[in-house]
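First up is the structure itself, then whatever we jot down about it.
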Amino acid sequence: MKSVFTKVLQIGVVVKDLDQTMKVYADKYGIGPWAVYEFNKDTVADMSVGGKRIDYAMRLALADIGGVQWELIEPLDEISDYARFLKEHGEGIHHVALDTESYESALEFCKKNGLGSVQYGYWGNNFHYDYRDTRDDMKCIVELYGPEESFKWPEPVAVYPEKTMQGKPVFTKVLQIGVVVKDLDQTMKVYADKYGIGPWAVYEFNKDTVADMSVGGKRIDYAMRLALADIGGVQWELIEPLDEISDYARFLKEHGEGIHHVALDTESYESALEFCKKNGLGSVQYGYWGSNFHYDYRDTRDDMKCIVELYGPEESFKWPEPVAVYPNLVQVKIK
């Protein structure tokens, strides 16, 4: 079957203070410029939450990271799902917008599979934004993009910075979205069999396959199973913690299943490390996989409202053989 979702279009982050967060993204990380919009009953029609018609309000800002739109959202009332998320989880990644064959075909799929509406609006009379409840299946909220042929981005109410961006951005591309799950096999099966996303390469990370593991900067071994697949050039990672030690386990306990981190490309792993040290961005979790791949989660939560993973493959790195592949789950040995 064809994949229902073909490309990562946007990562949406709920924040408490849009202006402050936007300023940090631009001034500290070189990400921007940001186009600011106001969504309310005067700019958006047919608003609904949980399938019920109701008006809500938010401010949002949009910028680009390597072809993926980054959205910061500040809820202005207690009505929207953004406000619900902020209350339950704090600031963080609320949704991912994924491209589809068409908005109409995606709507039909959602109706057929009982994927109810989390939140909806019709912006500017020619753009549907439609959050669907894929939390049980995909462990995150997916937004359906529905721009009509006549849609053009309207003039923002503000732009930051007003002048040309100075310097190069620290992060240049979205490489991976990492999702913590309780049951890797079950979740992977739903992604593949229901949504057509796959195939999935399964790996086991533990003290026998990864060196120099640490959590919070302290040397300690932990274990997890993970599976990797591709959605339009962005790697999708499902992670099942196998102990109570890792940051994945901490996240699962505090937030439940959901998006744990985003891996972003940099000029080099070494330059990114230097930036993190200079700016006091401590290590959340680290490991050295297969003797030639650093994976390094940095504590960008105060700044970017999410954890960023630094990818550190060395020149000699090649993807190893997985322990299993799904569909057609076949057990293989790591070479």
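How large is ³J(HN,Hα) for each residue in the range 31-38, as worked out from phi by the Karplus curve 6.51 cos²θ - 1.76 cosθ + 1.60 (θ = phi - 60°), to whole Hz, x for Gly and Pro?
In residue order, the calculated couplings are 9, x, x, 10, 9, 9, 10, 10 Hz.
Please report the relative contact order for the chain, taking Cα pairs under 8 Å with a sequence separation of at least 6, and give it as a percent rounded to a whole number. Intermediate values should be presented prior to the final figure.
Values: 783 pairs, mean separation 58.4, N = 335.
Once normalised by length, the contact order is 17 percent.
Give me a comma-separated list of calculated 3J(HN,Hα) values for the range 72-83, in order, Karplus coefficients 6.51, -1.76, 1.60 applied at θ = phi - 60°, integers in Hz, x for any Gly or Pro.
9, 10, 10, x, 10, 8, 9, 8, 6, 5, 4, 5
Kindly put Asp17, Asp81 in sequence by how many other C-beta atoms sit within 10 Å of each C-beta, fewest to most. Write down the numbers at each step before the final one.
Working: Asp17 12, Asp81 20.
Least crowded to most crowded, the residues run Asp17, Asp81.
If we restrict to alpha carbons, what Rg and Dmax does the range 203-335 come to, in Å?
14.9, 47
Give the long-range amide H neighbours of Leu242: residues separated by 5 or more places, or on another chain, with amide H under 5 Å away, using H modelled in the peptide plane at 1.01 Å from N.
Ala223, Met224, Arg225
Under the Kirkwood approximation applied to all pairs of distinct alpha-carbon atoms, what is the hydrodynamic radius of the range 55-108 in Å?
Details: mean 1/r = 0.0767 Å⁻¹.
About 13.0 Å, per the Kirkwood formula over Cα pairs.
Find the eigenvalues of the gyration tensor of the Cα atoms of the range 135-279, then list the square roots of 5 times those eigenvalues as equivalent ellipsoid semi-axes, largest first, in whole angstrom.
Details: eigenvalues 188, 124, 39 Å².
Value: 31, 25, 14 Å, ordered largest first.
Report the full-extension gain for the segment Ile54 to Ser316: residue separation times 0.36 nm, less the Cα-Cα distance, to one decimal in nm. List each step's numbers first, then the result.
Values: separation 262, 0.36 × 262 = 94.32 nm, distance 5.51 nm.
Result for the pair: 88.8 nm of gain on full extension.
Could you check what % of the DSSP bridge pairs in the chain are antiparallel, to the nearest 5? Don't skip to the end; give the middle numbers.
Values: 82 of 100 bridges.
Around 80 percent antiparallel, to the nearest 5.
Using the Karplus equation 6.51 cos²θ - 1.76 cosθ + 1.60 (θ = phi - 60°), what ³J(HN,Hα) coupling, rounded to whole Hz, does each residue of the range 59-71 give in order, writing x for Gly and Pro?
Couplings: 10, 9, 9, 10, 9, 10, 10, x, x, 10, 6, 10, 10 Hz.
Identify, among Ala223, Gly51, Ser3, the residue whose Cα sits farthest towards the positive end of the charge dipole of the chain, taking +1 on the Cβ of Lys and Arg and -1 on the Cβ of Asp and Glu, with the dipole about the Cα centre.
Positive-most Cα among the choices belongs to Ala223.
Using modelled backbone amide H atoms (1.01 Å from N, in-plane), which distant-in-sequence or interchain residues come within less than 5 Å of Trp200's amide H?
When sequence neighbours closer than 5 places are left aside, the close amide H contacts are Tyr326.
Could you work out the Rg to Rh ratio of the chain, with Rh taken as the Kirkwood radius (inverse of the mean 1/r over all Cα pairs)? Intermediate values should be presented prior to the final figure.
On the way: Rg = 19.9 Å, Rh = 20.7 Å.
Dividing the radius of gyration by the Kirkwood radius yields 0.96.
For the range 1-92, what are Rg and Dmax over the alpha carbons, in angstrom?
Rg then Dmax for the range 1-92, in Å: 14.6, 45.
Counting other beta carbons within 10 Å of each residue's own, what order do Thr43, Thr187, Thr164 fall into, fewest first?
Working: Thr43 14, Thr187 22, Thr164 6.
Final ranking by Cβ density, sparse to dense: Thr164, Thr43, Thr187.
Determine the dipole magnitude for the chain: charges of +1 sit on the beta-carbon of Lys and Arg, -1 on that of Asp and Glu, nothing else is charged, the reference point is the Cα centre, and the result goes in debye to the nearest 20. Provide the component values of the computation, followed by the final result.
Values: 37 positive and 55 negative charges, 75 e Å.
Dipole magnitude for the chain comes out near 360 debye.
Report the rotationally averaged projected area of the range 66-207 based on its alpha-carbon convex hull, in square nanometres.
If I average the Cα hull's projected area over directions, I get 12.5 nm².
Given H placed on each backbone N at 1.01 Å, which residues far from Leu98 in sequence or on other chains put an amide H within less than 5 Å of it?
Amide H to amide H, under 5 Å and 5 or more residues apart or across chains, Leu98 pairs with Leu9, Glu143, Tyr145.
Any of Lys28/Lys182; Lys7/Lys194; Lys23/Lys173 with alpha carbons more than 24 Å apart? Name them for me.
On the way: Lys28/Lys182 35 Å; Lys7/Lys194 17 Å; Lys23/Lys173 20 Å.
In this structure, Lys28/Lys182 exceed 24 Å between Cα atoms.
Laboratory data are not the source of any read-out in this text; all were calculated from the coordinates shown. These figures come from a predicted structure and were not determined experimentally. We place every Cβ from the backbone using ideal geometry, glycine too, and count neighbours over all the protein chains shown.
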